[in-house]
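Inspection log for the structure reproduced underneath, given as C-alpha cells.
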Amino acid sequence: MKFVVADIVNPQFNQYSLEETKILIQNLWGVIDKVFLQPRNYASSASYIGTWKAREIAQRCLDNKIDVFVINNMIRPSVYNTLRKYFPRETQIRDKIDLILNIFEKHAKTKEARLQIEYARIRYELPRYKGLGKELSNLGAWIGTRGPGERIMEIKRRHLEKRLNHIKKQLKQWQKVLDSQRRWREGMNTFLLMGYSNVGKSSLFNALTWKDVLVKDILFATLDNRIGRLKTTYPIDLLVIDTIWFIHGIPPLVINSFLPILEEAKRASTIGLVLDASLLVKDPAYFDIQFDTILGVFDRINWLINQGQNLLIIFNKKDLVANPQQIETKISKYLSQIKQKTPFNKIERHFGSAESKDDVNQLKTKLLKLTNDKSQS
C-alpha cells in the first residue's frame, strides 16, 4: 500500500510524533510516497492543512494512485468530511487514531482484545457518518429498514449502534470472567509491568518469568495481558503481569477501551514502570516525551492506583549505555517528578538490562523486598 502523510508545522509540531507515525505505517507494510509539511500558525478548522494544500495532496494521490492519506494528528469528523470532498474515492483518509486502531487490530490475538478494538473502532467511526456526502445519501428500503426512503447513512449508523450494544454485553460477560480470575488470585502478590512501546518490556517479562512471549522491535508488537509466576529457585506466590504498551498521542478513547485490562493496576502490590535508559543518553528530548506520555496515562488511571502501592521504576537497556554514570546523574530528576504527580506509597528505582542475568537477579531482590515490606505494613 502507498501512503502520503501530512501535518502542519508550528511551535506545537512534534517531529517524534511524525517519526512514530512513519513506523506505524511500516508496521502495516506500507510505503510512504511523500510527507507534506504545511507551515501554519494553527490548524484550519475546515480541512486542518488548508484548502489549497488539501487540493495539492489530493492531486498527488490521484496522479500516483495513493491508497491512504494520513494526517499526523487527531481530526474532527467535520474535517474528515471536508477532506473527503477533495480526494479520490479510492484513497482512504485516516488520522493518527485510525492508524493506531489499525495496528491494534493487526496485533490483537484473543477474542476479548478484538472485541475491545472493535468497540473503540465503532465509537471512533460513528460520528463520521454524520454529514457524509453523496456516497451515503441515496435511499434504501429493503428488509430490515424502518421504512421507505431511509438513507443508507442512517441504516449504517443504526447497524453500528446495534453492534456497539452487542459488544458491550459481551465485554460485560468478559468482565465477569476477569473478576472471577482476580478473585482466584486474591491474596497473591502481583507485579504489574507498564511502559512506552518498544522499551523492552516483553524481554523483561520473559527474564522475570518462565514464559517466552513474542519479542519484536516494532510498535505494539503485543496487546493482551500476559501473566507468569516469578522465576525463582523456590516457589513464591508472586505473579508478574505484562500489560499493553502506550505511545505518544494515544487517545482517551483507546485507553478507556482497555480499562478492563488496566484494572489489574488496582490490585497490584507493586507497579513496574519500564523506561529505555539508552534513549536518555541517545535522545533526551524523545525520552522526555515518552516519560510525559506515561505520566499522562498515570493521570488518566489515577483512580486505579491505591496509596498503599509501591512503584519500581526500571531503567532498562543498560547494556546499550556506554557510560552508565551519565544515567545516574539524570535519574533523580525523573524520580522527583513521579513523586510529585503520583500517590504511590514507596518509589524505588532499578538500573539494569533484561539481557543480564545479574541485573535481573538484582531486580528480583528489590521486587521481593518491596513485596515483603507491603505485606508487613
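Throughout, read-outs are computed from the coordinates displayed, never taken from laboratory work. What you see is a predicted model; the values in this text were computed from it and never measured. Positions of Cβ are backbone-derived with ideal geometry, glycine not excepted, and every protein chain shown enters the neighbour counts.
In the structure displayed, which of 85/106; 34/65; 2/96; 34/156; 96/318; 317/346 lie more than 22 Å apart, Cα to Cα? It would help to have the intermediate numbers written out before the result.
Details: 85/106 29 Å; 34/65 12 Å; 2/96 16 Å; 34/156 34 Å; 96/318 32 Å; 317/346 24 Å.
From 85/106; 34/65; 2/96; 34/156; 96/318; 317/346, over 22 Å: 85/106; 34/156; 96/318; 317/346.
Net charge dipole, segment 2-104: roughly 320 debye, given to the nearest 20, about the Cα centre with Cβ charges of +1 for Lys and Arg and -1 for Asp and Glu.
Quickly rank 166-175, 282-291, 117-126 as a protection proxy: mean count of other C-beta atoms within 10 Å, highest first.
Working: 166-175: 13.1, 282-291: 16.3, 117-126: 18.7.
In decreasing order of mean packing, 166-175, 282-291, 117-126 become 117-126, 282-291, 166-175.
Can you pull the percent of Cα pairs in segment 37-118 with separation above 23 Å? Provide the component values of the computation, followed by the final result.
Numbers: 992 of 3321 pairs.
Here the long-distance tail beyond 23 Å is 30 percent of all Cα pairs in segment 37-118.
Calculate, in whole percent, how much of the Cα-Cα pair population of segment 6-83 lies beyond 14 Å. Provide the component values of the computation, followed by the final result.
On the way: 1878 of 3003 pairs.
Pairs farther apart than 14 Å: 63 percent.
Which order do peptides 2-9, 29-36 fall in by mean Cβ count within 10 Å, highest first? Kindly include the intermediate steps, with their values, before the conclusion.
On the way: 2-9: 20.8, 29-36: 14.5.
Put in order of decreasing packing, that is 2-9, 29-36.
Among the trypsin sites (Lys or Arg not before Pro) in segment 35-80, those located in a DSSP loop and surrounded by at most 15 other Cβ atoms within 10 Å of their own Cβ are 65.
When you count, for each residue, the other Cβ atoms within 10 Å and take the mean per peptide, how do 69-79, 361-371 rank with the highest first? Don't skip to the answer; put the middle values down first.
Details: 69-79: 20.5, 361-371: 17.3.
Highest-to-lowest ranking by the protection proxy: 69-79, 361-371.
Pull out the extension gain between residue 328 and residue 85, defined as 0.36 nm times the separation in residues minus the alpha carbon to alpha carbon distance; nm, one decimal.
Details: separation 243, 0.36 × 243 = 87.48 nm, distance 5.44 nm.
Length gained between residue 328 and residue 85: 82.0 nm.
Three semi-axes describe the equivalent ellipsoid of segment 1-141; taken as square roots of 5 times the Cα gyration tensor eigenvalues and ordered largest first, they are 23, 21, 15 Å.
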